[in-house]
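**Q** Sharing a structure here in structure tokens format.
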Amino acid sequence: MFEEDKLTHKIIGCAMKVHSEIGCGFQEVIYQRCLSKEFRNIGLSYEREKEMEIYYKGELVGTRRVDFLVEGSVIVELKAVKELENVHLVQGKNYLKVFKIEKGLLLNFGSTSLEFKRLFK
């Protein structure tokens, strides 16, 4: 298993712990706080609500916050919706592209079971 795959596996494991502990029905910020605690518990470094710059043709055009940047290499976007839609996947892939990150995870805490999608640039 590649090192990055081990990392996404650890992140998903943390998300599963959170979902099994508190279930669905809360706002994203509650899941962010819980996930932060789980990341700390297993020693993952992360930045929460990481402000990242967006460039268009070499010019800075704005910034966007990602929910988490874990170990400086995996973007983690959280949702708390009934089910993931294609627009969520497209958004996640676009983040990878503009932030020049190779891998990401889309985690949905809004359904009765945790939903996750691995994203690749």
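**Q** Just checking my list (1) 21.3; (2) 14.1; (3) 14.6 against Kirkwood radius over Cα pairs in Å computed from this structure; which label fits?
**A** For Kirkwood radius over Cα pairs in Å, the calculated option is (3).
**Q** Quick one: angle between helix 28-42 and the longest Cα principal axis of the chain, in degrees between 0 and 90, rounded to 10, please.
**A** The angle comes out near 80 degrees.
**Q** With a 10 Å cut-off between alpha carbons and a GNM built on the chain, which of L106, L69, L89 moves the most?
**A** Comparing L106, L69, L89 in the GNM, the peak value goes to L89.
**Q** Which net charge results for the neighbourhood of S111, defined as the other residues with beta-carbon distances under 11 angstrom from its beta-carbon, given Lys and Arg at +1 and Asp and Glu at -1?
**A** 0
**Q** Counting other Cβ atoms within 10 Å of each Cβ, which GluC sites (Glu not before Pro) in the stretch 8-90 have at most 16 and sit in a DSSP loop?
**A** Counting only loop positions with at most 16 other Cβ atoms within 10 Å, the GluC sites (Glu not before Pro) in the stretch 8-90 are E71, E83, E85.
**Q** Another question about this same structure. Long-range amide H contacts for I101: which residues qualify at under 5 Å (H placed 1.01 Å from N, peptide plane, sequence gap of 5 or more or a different chain)?
**A** none
**Q** Mind listing the phi-derived Karplus ³J(HN,Hα) values for the stretch 91-99, rounded to whole Hz, using 6.51, -1.76 and 1.60 with θ = phi - 60°, and x for any glycine or proline?
**A** Once rounded to whole Hz, the list reads 4, x, 5, 5, 4, 4, 5, 6, 8.
**Q** Apply the Karplus parameterisation 6.51 cos²θ - 1.76 cosθ + 1.60, with θ equal to phi minus 60°, to every residue of the stretch 109-118 and state each ³J(HN,Hα) to the nearest whole Hz, in sequence, with x for glycine and proline.
**A** 3J(HN,Hα) across the stretch 109-118, in whole Hz: 9, x, 9, 5, 10, 4, 10, 9, 10, 7.
**Q** Let me ask another. Can you give the local net charge around E53? Use residues other than it whose beta-carbon is closer than 15 angstrom to its beta-carbon, Lys and Arg +1, Asp and Glu -1.
**A** Summing Lys and Arg as +1 and Asp and Glu as -1 gives +2.
**Q** Obtain the nm distance between the two label points defined at N86 and S36 by a simple spin-label model: each point lies 7 Å from its Cα along the Cα-to-C-beta direction.
**A** Those two pseudo-labels are separated by 3.6 nm.
**Q** Relative contact order (percent) for the chain, with alpha-carbon contacts under 8 angstrom and 6 or more residues of separation?
**A** Taking the mean separation of contacting Cα pairs over the length of the chain, I get 23 percent.
**Q** Still on this structure: Which loop trypsin sites (Lys or Arg not before Pro) in the stretch 1-71, with loop taken from DSSP, have no more than 10 other Cβ atoms within 10 angstrom of their Cβ?
**A** In loop regions of the stretch 1-71 (DSSP not H, G, I, E or B), the sparsely surrounded trypsin sites (Lys or Arg not before Pro) are K57.
**Q** Shifting gears a bit: What's the local net charge at Q27, with K and R +1, D and E -1, over the other residues with C-beta under 12 Å away?
**A** +1
We did not get these values from a lab; they are worked out from the coordinates using the rules stated. In this text, all values refer to a predicted model and were calculated from it rather than measured experimentally. Cβ coordinates were reconstructed from backbone atoms using ideal geometry, including for glycine residues, and neighbour counts include every protein chain displayed.
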